[in-house]
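*Asks:* Sharing a structure here in structure tokens format.
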């Protein structure tokens, strides 16, 4: 029998995620809302849990169900204080466990100073980034918070970022940055976090270490760097076949049953795996569990974000802790300071969170 407290927690996570997406303007009025089956698949939640969350959203007038057509957003937003100064928030994508808390942190810091936030999501597409940046420049935003799209690669929208600097619009990046530009950013210490997680695996006797990592975002490359640096420092042999890469566009194929089977076949000799984040870790652990492969008895796993997505299991993935709300709040505060500083381009407003690892139990001592 399922734990009702766990079901309540799941419902609340899903509700908060959807509520923030709608009220922040990421999903706009009359946009189609994700279907029940897609939400079940995305979150790994039961049909009843998803229905409970959607029912509350419908009761609050945030969504409307249209028979034979689907579910749509029915929130027009608040029109008061529309003349408030604007800050543009450009995200590459949103996930169920990070977006609400990070956004709430940003919103808390900026709203108390009277700023309105205009949100846009690029879905990690550089063309969309260009469109939204042009729109925000036309709207004369007072400042910008940007999560880079395909941040592992040099960014081609140089003209727009040069225009931002020319207009002296304070801009700070969140989660990542572009190597071919000189903007400050607020980030996790991804490389160091990966190093510490790998060190834990090695100290527990693991020598055959693999990974599932994302190659089109800077965070994935930074985490890979920490992994291989630690393996090198401890004299651990690296096996290229044991690192499985994916990108935003490949997620559906890579994490379907066929793709997951392919990953497992290439990494089945590994005793431990580093996985890009807890969302991917949940999908992979569920795949393994269906095949009678258990964590940590048969495979040790480490990950990133400390999202606590594995609600119906005793396994808590050993994970680097994402600062979530605090990361958003500090980013907003740094932007406020930059907007009060005419010489922000010559100052250092960057911040890296110190490494923190949770008390997960997903690593077995060999």
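Just so it is clear, none of the values below were taken in a lab; they were calculated from the coordinates. Fair warning: this is a prediction, and the values are worked out from it, not measured in the lab. Backbone-built Cβ (ideal geometry, glycine too); neighbour counts: all protein chains shown.
*Asks:* Please give, to one decimal in nm, the separation of the simple spin-label points placed at residue 298 and residue 343, each 7 Å out from Cα toward the Cβ.
*Replies:* 6.2
*Asks:* May I ask you to compute the full-extension gain from residue 59 to residue 234, defined as 0.36 nm times their residue separation minus their alpha-carbon distance, rounded to one decimal in nm?
*Replies:* Length gained, residue 59 through residue 234: 57.3 nm.
*Asks:* In nm, to one decimal, how far is the modelled label at residue 134 from the one at residue 72, with both set 7 Å along Cα→Cβ?
*Replies:* 2.8
*Asks:* Considering the Cα trace of segment 74-164, what is its radius of gyration and what is Dmax, both in angstroms?
*Replies:* Looking at segment 74-164, its Cα Rg and Dmax stand at 13.7, 40 Å.
*Asks:* So, one more: For the chain, what is the calculated [θ] at 222 nm in deg cm²/dmol (nearest 500), taking -39500 (n - 2.57) for each run of four or more DSSP H residues and dividing by its residue count?
*Replies:* That comes out to -13000 deg cm²/dmol.
*Asks:* Oh, and also: Taking Cα extents along the principal axes in Å straight from the coordinates, which label in (1) 62, 39, 38; (2) 72, 52, 42; (3) 61, 54, 32 is the correct one?
*Replies:* Read-out from the structure maps to (3).
*Asks:* Going by the alpha-carbon gyration tensor, a ≥ b ≥ c the square roots of its eigenvalues, is segment 190-321 rounded (a/c under 1.5) or, if a/c is not under 1.5, prolate (a/b greater than b/c) versus oblate?
*Replies:* Rounded shape, in that the Cα axes give a/c under 1.5.
*Asks:* Two decimals is fine: what is log10 I(q)/I(0) at q = 0.16, 0.17, 0.18, 0.28 Å⁻¹ for segment 4-73, from a Debye sum with one equal scatterer on every Cα and no solvent?
*Replies:* The Cα Debye sum returns log10 ratios of -0.50, -0.57, -0.64, -1.43.
*Asks:* Another one. Quick check on packing: order 187-193, 107-113 by the mean number of other C-beta atoms within 10 Å, highest mean leading. Please list the in-between numbers first.
*Replies:* Numbers: 187-193: 21.4, 107-113: 17.6.
The densest-packed peptide leads the list: 187-193, 107-113.
*Asks:* So, one more: Using a Förster distance of 22 Å, how high is the FRET efficiency between residue 38 and residue 308, based on the Cβ-Cβ distance and rounded to 0.05?
*Replies:* Rounded to the nearest 0.05, the efficiency is 0.50.
*Asks:* State the Cα centre-to-centre distance between segment 233-268 and segment 330-362 in whole Å.
*Replies:* That distance is 32 Å.
*Asks:* For a quick protection proxy, order the peptides 44-54, 156-166, 334-344 by their average other-Cβ count within 10 Å, most packed first.
*Replies:* 44-54, 334-344, 156-166
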